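Peer 1: One structure coming up, written as C-alpha cells, with questions to follow.
The values are calculated or read from the model by the stated rules, or taken from the named source; none is laboratory data. The structure presented is a predicted model; accordingly, all values stated were derived computationally and were not measured. Cβ placement follows ideal geometry from the backbone for every residue including glycine, while neighbour counts extend to all protein chains displayed. For the accessible areas, the whole protein counts, side chains as well, though only heavy atoms, and no ligand, DNA or RNA atoms are used. Shrake-Rupley method; radii C 1.70, N 1.55, O 1.52, S 1.80 Å.
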Amino acid sequence: TPNETLLLAIRDDGSYLLSTSMKEMWHPMFSFTLEPQQLPDYQQANWFVSTHPESRFVCNLVAARVEGQHRHALMNNRYTVHHPGRDSVVTELRTPLELRRLLEQMFGIDTGKLDGLDAGLTGLFPVS
C-alpha cells in the first residue's frame, strides 16, 4: 500500500528481501527469489497454511484491512490500528460481543452466516 516506505534489497545468496520502515527502523517482511513457480507450488503452500493444525491461520483469528492511511490488524482478541509515523494503538477486546461487532463494523464480515462462530469467539477469552 502507499502507507509505508519499502526497501527491496538483493541478499548475498541472490534472493530478495522486502523490508518496511517503521519508527525509523527497517523491519524485514519476507524474502523471495525469481525462480519460476508452478501452480502446484502455490496450491501446496496454500493448502498448508489453510489446513495444517499448527498454521497460524488455523490456530488464530486473523484479519487485516487498509483504510485510507490506517492499517487495521486483528489477532485473536488483540486489535491494532497502525498509523503512519505514529505509535500504533492496541486494544484488547474483552468480550465475544465486542469481537463480533469489530469483525462486522471494521472488517465488513457478515458474522451471521458463520456457523459455530460464537463458540470459537468465546474460546479466545480467558474463563473468569
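Peer 1: At a threshold of 8 angstrom on Cα-Cα distance, excluding pairs fewer than six apart, so keeping six or more, what relative contact order does region 58-128 reach in percent? Can you show the working numbers first?
Peer 2: Working: 83 pairs, mean separation 14.9, N = 71.
Across region 58-128, relative contact order equals 21 percent.
Peer 1: Would you mind counting up the charge near Leu7? Only other residues with Cβ under 15 Å from its Cβ, with Lys and Arg at +1 and Asp and Glu at -1.
Peer 2: Numbers: positive: Arg11, Lys23; negative: Glu4, Glu24.
Result for the local shell: 0.
Peer 1: Give me the angle, in degrees from 0 to 90, between the Cα long axis of helix 39-51 and the longest principal axis of the Cα atoms of the chain, rounded to the nearest 10.
Peer 2: 30
Peer 1: Moving on to the next point. Counting only C-alpha contacts under 8 Å and six or more residues apart, can you give the relative contact order of the chain as a whole percent? Walk me through the intermediate numbers first.
Peer 2: Details: 152 pairs, mean separation 16.2, N = 128.
RCO, the chain: 13 percent.
Peer 1: Mind checking the dipole of region 60-102: about its Cα centre, +1 per Lys or Arg Cβ, -1 per Asp or Glu Cβ, Debye to the nearest 20? Please report the intermediate quantities before stating the final value.
Peer 2: Details: 7 positive and 4 negative charges, 19 e Å.
Charge dipole of region 60-102: 100 debye, to the nearest 20.
Peer 1: A further question on this structure: By the gyration tensor of its Cα atoms, with a ≥ b ≥ c the square roots of the eigenvalues, what is the shape of region 4-62: rounded for a/c under 1.5, prolate for a/b over b/c, or oblate?
Peer 2: Numbers: a/c = 3.19, a/b = 1.34, b/c = 2.39.
In terms of gyration-tensor shape, oblate.
Peer 1: In debye, nearest 20, what is the charge dipole magnitude of the chain about its Cα centre with +1 on Lys and Arg Cβ and -1 on Asp and Glu Cβ, if you could check? All intermediate terms of the calculation are to be shown ahead of the outcome.
Peer 2: Numbers: 11 positive and 15 negative charges, 76 e Å.
Dipole about the Cα centre, nearest 20: 360 debye.
Peer 1: What does the charge count near Arg101 come to, summing +1 for each Lys or Arg and -1 for each Asp or Glu among other residues with Cβ under 14 Å from its Cβ? Could you put the intermediate results ahead of the total?
Peer 2: Working: positive: Arg94, Arg100; negative: Glu98, Glu104, Asp110, Asp118.
Around Arg101, the surrounding residues sum to -2.
Peer 1: With a 1.4 Å probe and every protein chain left in place, work out the accessible area per residue of the chain in Å², rounded to a whole number. Provide the component values of the computation, followed by the final result.
Peer 2: Working: 9650 Å² over 128 residues.
That works out to 75 Å² for each residue.
Peer 1: Provide the net charge surrounding Leu114, with neighbours chosen by a C-beta distance below 15 Å and charges set as Lys +1, Arg +1, Asp -1, Glu -1.
Peer 2: -1
Peer 1: Taking 0.36 nm per residue of separation and subtracting the Cα-Cα distance, what length does fully extending Thr111 through Phe32 add?
Peer 2: Working: separation 79, 0.36 × 79 = 28.44 nm, distance 3.53 nm.
Gain on stretching Thr111 to Phe32: 24.9 nm.
Peer 1: Still on this structure, I have one more. Return the Rg/Rh ratio of region 35-89 with Cα-based radii and a Kirkwood Rh.
Peer 2: Values: Rg = 15.4 Å, Rh = 13.5 Å.
My calculation puts Rg/Rh at 1.14.
Peer 1: To continue, here is another question. If you fit an axis through the alpha-carbon atoms of helix 96-105 and take the longest principal axis of the Cα set of the chain, what angle between them do you get, 0 to 90°, nearest 10?
Peer 2: With rounding to tens, the tilt is 60 degrees.
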